[in-house]
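The values are calculated or read from the model by the stated rules, or taken from the named source; none is laboratory data. Everything numeric here is computed off the predicted structure, so don't read it as measured data. Counting neighbours? That spans all protein chains shown, and the Cβs are built from the backbone with ideal geometry, glycine included. The area values use the complete protein model at the heavy-atom level, side chains included, leaving out ligands, DNA and RNA. Shrake-Rupley method; radii C 1.70, N 1.55, O 1.52, S 1.80 Å.
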Amino acid sequence: MKLAAKLSIALVLGIVAVMATYAWVQISNEVVLFEADAHRARRNGLAWVGVIESVWAREGEVRARELIDLSTRRIGVREGAVRIVSLARDAPDRPPLSDDDIRRLKAGEIVRHTLREPDGQDWLHAWAEVRTAAHPTALAAVEPLGHEQTFVRMSHLAILGATIAVIAICALLAIALQPRLVGRPLVRLRDKARRAGAGDFSRPLVLSQRDEMGELAAEINAMCDRIAEANRRVVDETAARVAALEQLRHTERLATVGQLAAGVAHELGTPLNVVMARAELLAEGTASTADATANGRTILEQADRMTGIVQQLLDFSRRGGPRMGLANLEQLVARTLELVFPAAERAKVRVERVASAPVFARLDQSQMQQVLANVLMNGIQAMPDGGRLRIAVGVRRARPPAQTGGAEGDYLCVTVEDEGRGIAREDLARVFEPFFTTKAIGEGTGLGLAVAHGIVAEHGGWIEVESEVGKGSRFLIFLPRPAEPAEAAS
């Protein structure tokens, strides 16, 4: 039910309650006035009876009856309205009184009854005993109640009519004013609230009313302005944060490139030596045509190899926007291993990759390659005297941490295990903090694992660390399984 209709109904019910109270008070006043008139009539009746009794005692019954007739004619009462009746049981004019009424008359009371005549009109009958009469006699008076009943009925009709008129006028006023004062402003307030809920804070609400509705509209407009300004600040701050995060990740990527550069230089040394030797043979001009052709082919092969190595390094260091898509996680691991292999070989680290069936994940390949490179380089740097670095890809059942959320289930897992120095128990909780590192000065920025943790979290996954000092560490990178098995299979 609309608010305006509720207010109208409440107004009508209030008016009905007020008019009902007024009617009750009016009727109560009329009852009081009627009782006062009855009391006055009783006193007058007793005085009249006293006069009749006195005349009856001094001058006899005939004179008393003459006095009654004379008095009724002078005051304009119809004939028979006041008369003397006998109270004897066998008297023909004995009134219809009970024994209790007779006893009340003997006690000096005036007995009154309302009787309905054959014509349907109610009459008030009153009797009072004439105590000076020789036989049981009473003075009887009768008065029609038509005027009183008509007055009461007209009072009731007047109150009812006034109530209906007031209700009708108030209802018409409510119907005419509620759309303008309540209905339309509330609809506009509702529409404004819906637009604000949908994110549209434009088009301020303007109400011409200078009441609570107008104040509410002004407060809603001010609230929308504040929310819009806050949204703009959030957008700007988010853009700045994303830019700073991207710059941080690119910086860490370049730092990783610097760490890989020594290995890449070593990797380029062999093909460069081959190219130089073959070029010298060609320069001497002593080789046969067949040897010259073979030397040229060898130079091209080694140049292609060096180009591939440099291109891998460039692709890794190049800044790019996020591009989510379905990718073969096994192939991504293989490409990353090719990138870090020179650094592992230079550090005398033996890399073992556990082969498995193709595993697909929805991810940004560039960002995830940075995660893998950071974790792999962290493992290589943890073994300065050489060792074994093992990497495996598969599916593992796990329960996400509380900050990630989610139910226990099967997740994609990349496991990187080294035989390095290990991480102290008190440092395990801080390994993903920015700028935290246990390496010597100049060996790391402290951002690699922090960046890796942030990228994995953005992909809906998490990283777990297991480590024991002196035995090595194991990093488990969990990623959600893709929801497109058919597309992955294709």
Check your understanding: Regarding Ile175, is this residue open to solvent by 50 Å² or more (accessible area, probe 1.4 Å) and of a type in the set (A, V, I, L, M)?
Key -> yes
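Looking only at strands (runs of 3 or more DSSP E) that lie completely in the range 344-418, which have at least 3 residues being closer than 21 Å to Val451 by Cβ and out of contact with any strand residue (DSSP E or B) (no Cβ under 8 Å at 6 or more places or on another chain)?
On the way: elements: 349-354, 360-364, 387-398, 409-417.
Here the list is empty.
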Point to revise | Candidate set from the range 399-425 (those that are in contact (Cβ under 8 Å) with a residue 40 or more places away in the chain and among the aliphatic types (A, V, I, L, M)); member that is farthest from Ala357 (Cα to Cα) | key: Ala424
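Matching residues to (1) within 27 Å of Ile27 (Cβ to Cβ); (2) out of contact with any Leu (no Cβ under 6 Å at 6 or more places or on another chain); (3) surrounded by 12 or more Cβ atoms within 10 Å (Cβ to Cβ):
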{"residue": "Asp101", "(1), (2), (3)": "no, yes, yes"}
{"residue": "Arg104", "(1), (2), (3)": "no, yes, yes"}
{"residue": "Gly108", "(1), (2), (3)": "no, yes, no"}
{"residue": "Gly120", "(1), (2), (3)": "yes, yes, no"}
{"residue": "His125", "(1), (2), (3)": "yes, no, yes"}
{"residue": "Ala133", "(1), (2), (3)": "no, yes, yes"}
{"residue": "Pro136", "(1), (2), (3)": "no, no, yes"}
{"residue": "Pro144", "(1), (2), (3)": "yes, yes, yes"}
{"residue": "Phe151", "(1), (2), (3)": "yes, yes, yes"}
Point to revise | Test: Val166 is within 21 Å of Leu7 (Cα to Cα) and under 24 Å from the mean Cα position of the chain (by Cα) | key: no
Review point. Got a sec? Which of Val85, Val51 is open to solvent by less than 100 Å² (accessible area, probe 1.4 Å), modelled with pLDDT of 75 or more, part of a helix (DSSP H, G or I) and not small (Gly, Ala, Ser)?
Key: Val51
Check your understanding: Of everything in the range 104-128 that's small (Gly, Ala, Ser) and in contact (Cβ under 8 Å) with a residue 60 or more places away in the chain, which residue is farthest from Ala47 (Cα to Cα)?
Key -> Ala126
Practice item. Can you tell me which residue among Arg346, Arg323 is in contact with an Asp or Glu (Cβ under 6 Å, 6 or more places away or on another chain) and open to solvent by 50 Å² or more (accessible area, probe 1.4 Å)? Key: Arg323
Revision key, fill the gap. Counting only residues that are of a type in the set (A, V, I, L, M), closer than 30 Å to Val51 by Cα and free of Cβ contacts under 8 Å to residues at least 40 places away in the same chain, the range 135-168 contains a total of 1
